[in-house]
Amino acid sequence: MSGGVLVAYGTTNGSTAQIAQTVAEVLNKAGLQAWARPAASVDSVSGYDAVVVGGGLYGGRWHRHARRFVRRQHRALAEKPLWLFSSGPLDASASEKDIPPVAGVRRAMERLDARGHVTFGGCLVEGAQGRIAKMIVRNGKGGDFRDFARIEEWARGIADELTKDTTAS
């Protein structure tokens, strides 16, 4: 893999960025080159061999930067190995069972022939931006529900698949 793996993300309060950075770190440890970048800052995916896109969930929708990134890059993404992830449930449900992608992400998966999707728990803590986020935290419904062991396991699966792809070529 000469171009490496882009891990693009859309986040408001940084939680999804930390997940993306963890995915990139696991891919790097597996011998692949990977970079975590804010989706809004990526102009092109042409230099990458594979792409992972993640977005925080807000009101049942993927973060706007993740949505816009997929829309802007849809032709190029359809030609590359692609995985998607969401982060958002503010409870342990994402670690207890598979949570299907929200409708917009499911449609993107189908259109782009994505290899997989996973929903990870979210994180909303004191200092969160946004009126609704602040209200959730103030009402005691926030917390950090990210399962980094599960995130790392999912990323290792991507690394294994990409490594298999390059050895089979």
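Which one is surrounded by the most Cβ atoms within 10 Å (Cβ to Cβ) among residues in segment 30-42 that are part of a helix (DSSP H, G or I) and in contact (Cβ under 8 Å) with a residue 12 or more places away in the chain? Selected residue: Ala39. The numbered conditions (1) of a type outside the set (Lys, Arg); (2) touching a residue at least 60 places away in the same chain (Cβ under 8 Å); (3) more than 18 Å from Arg146 (Cβ to Cβ) are all true for Cys123 except (3). Among the residues of segment 74-128, the ones that are open to solvent by 70 Å² or more (accessible area, probe 1.4 Å) and in contact with a helix residue (DSSP H, G or I) (Cβ under 8 Å, 6 or more places away or on another chain) come to 6 in all. Residues in segment 3-23 that are among the hydroxyl-bearing types (Ser, Thr, Tyr) and open to solvent by less than 20 Å² (accessible area, probe 1.4 Å): Ser15, Thr16, Thr22. Val70: farther than 21 Å from Asp43 by Cα, in contact (Cβ under 8 Å) with a residue 40 or more places away in the chain, surrounded by 13 or more Cβ atoms within 10 Å (Cβ to Cβ) and β-branched (Val, Ile, Thr), yes or no? So Val70 fails the test. Summed over segment 4-21, residues that are closer than 14 Å to Gly121 by Cα and at pLDDT 95 or above total 5. Of the helices (runs of 4 or more DSSP H) contained entirely in segment 46-124, those carrying at least 1 residues that are among the acidic types (Asp, Glu) and at pLDDT 95 or above fall at 103-112. The single condition from (1) in contact (Cβ under 8 Å) with a residue 40 or more places away in the chain; (2) under 21 Å from Ile158 (Cα atoms) that Asn13 fails is (2).
Of Ala94, Ala40, Ala24, all but one fail to be touching a Ser or Thr at 6+ places or on another chain (Cβ under 8 Å) and either small (Gly, Ala, Ser) or farther than 21 Å from Glu153 by Cα (or both); the exception is Ala94.
Note on segment 43-58: among residues that are open to solvent by 10 Å² or more (accessible area, probe 1.4 Å) and without any contact (Cβ under 8 Å) to a residue 40 or more places away in the chain, the one that is nearest to Lys80 (Cα to Cα) is Ser46.
The values are calculated or read from the model by the stated rules, or taken from the named source; none is laboratory data. Here the structure is a predicted model, which is why all the values come from computation and not from measurement. Neighbour counts run over all protein chains shown; Cβ positions are idealised from the backbone, glycine included. Surface accessibility is based on the protein's heavy atoms, side chains included, excluding ligands, DNA and RNA. Shrake-Rupley method; radii C 1.70, N 1.55, O 1.52, S 1.80 Å.
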